[in-house]
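Any read-out appearing in this document is the output of simple, stated calculations on the displayed coordinates, not a laboratory observation. The structure presented is a predicted model; accordingly, all values stated were derived computationally and were not measured. Every residue, glycine among them, receives a Cβ derived from its backbone with ideal geometry; neighbour counts consider all protein chains shown.
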Amino acid sequence: MAQQIIALIAEFGVLLVFLNVLLTQLGAPLPAVPTLVVAGALAADGQLAAAGVLAVALVACLFGDLAWYAAGRRYGGSVMRLLCRISLSPDSCVQRSELQFQRWRAGVLLVAKFVPGLATVAPPLVGAMGLRLPVFLLFDGIGSLLWAGLAVALGYAFAAQIDDLLAAIADAGTIALELLGALLALYVLARWWQRRRLLRTLRMARITVDELYRAIEDGRAPVVVDVRPAGSRQLDTRVVPGALLVDDRGIDHALRGIPLDRELVVYCNCPNEVSAARVAKTLMAQGYRRVRPLLGGLEAWDAAGYGVDRLPAGAAATHGPDGHPA
């Protein structure tokens with residue numbers, strides 16, 4: 001079995017490289033780097049053309065990334081929320097990408113493929129944030145070429161060692177392939193379990209949107225805090241009316257002057273209110289005794305028909321309790 005797979009890589013290497021890289025860029029949990037490294041080793045032995053491997057890898061990257069870029073350009077924040085829901089690293093993938101985009105703009109595409117969890121998220125993110133198509137193609141193409149080129153170069157440089165590894169896999173036969181499959185399954189299971197453990201750790205008493213609405217109507221309105229990153233608010237300008245805009249990196253400054261016994265309701269738009277729960281735990285550790293995440297977050301509030309405000313352009317930054325930028 002292993003010998004047949006190695007023969008297929010040698011015979012259809014360029015096609016397999018294209019399919020593997022394309023599926024990886026579309027979000028499938030299939031690592032493409034090992035395939036590129038093996039292709040580089042085969043190129044060193046003259047069985048494949050290194051230029052051809054790089055060309056098809058580049059084309060596959062651009063095809064997959066363009067699909068996500070177009071989705072982000074058209075559907076904006078909804079695509080980011082979809083990626084967050086299906087990610088093995090809930091909401092942190094999107095939040096990290098937003099922070100990197102704010103810092104580096106298009107330059108994030110140069111390093112996206114080298115950062116786990118960023119490669120799939122970056123193209124729709126820059127599309128949603130309005131990066132022009134020619135700039136996207138330039139930076140994404142350079143980043144893809146750097147990523148694929150490094151993997152192929154490693155395979156080319158260490159061809160002898162990789163030949164020994166392939167020979168060992170061929171000798172081991174089916175057992176080695178089953179072991180590799182089991183290791184991949186264990187990796188996915190471990191990430192899933194990590195996600196479930198995080199959500200259990202962050203589980204705490206939540207307030208429903210109906211309870212929050214009644215409190216506001218009865219004049220018992222708590223301090224409502226929007227803890228989404230500024231990048232998220234640029235993608236989705238909806239806010240609960242009267243909410244403070246708080247970046248979790250500057251939450252101490254933003255909530256300055258609010259008494260520790262004041263009730264706080266924090267919300268985000270990530271699955272299972274992960275960011276809101278994290279911030280709630282941070283606030284409780286700082287002495288705030290009445291802090292609750294909003295069950296369902298911004299989506300649940302809007303879906304219930306309670307009304308939202310829209311942020312004007314450029315108003316996504318942190319605001320303190322006085323309504324002014326913090």
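Stretching the chain fully between Ala67 and Ala221 yields a gain of 51.1 nm (0.36 nm per residue, less the alpha carbon separation). Taken along the Cα-to-beta-carbon direction at a fixed 7 Å, the label points for Leu19 and Met284 span 5.0 nm. Taking amide H as placed 1.01 Å from N in the peptide plane, the amide H of Val266 sits under 5 Å from that of Val225, Arg292, Leu294, each at least 5 places away or on another chain.
Label the stretch 209-310 by shape, choosing from rounded, prolate and oblate, from the square roots a ≥ b ≥ c of the eigenvalues of the Cα gyration tensor; if a/c is under 1.5 it is rounded, and otherwise prolate applies when a/b is larger than b/c, oblate when it is not. Oblate is the answer for the stretch 209-310, as a/c is 1.5 or above yet b/c matches or exceeds a/b. Exposure proxy for Arg228, Arg73: other Cβ atoms within 10 Å of each Cβ, ordered fewest to most, give Arg73, Arg228. Phi angles across the stretch 135-145 convert, under the Karplus curve 6.51 cos²θ - 1.76 cosθ + 1.60 with θ = phi - 60°, into 3J(HN,Hα) values of 5, 4, 4, 5, 6, 5, x, 5, x, 5, 5 Hz, Gly and Pro given as x.
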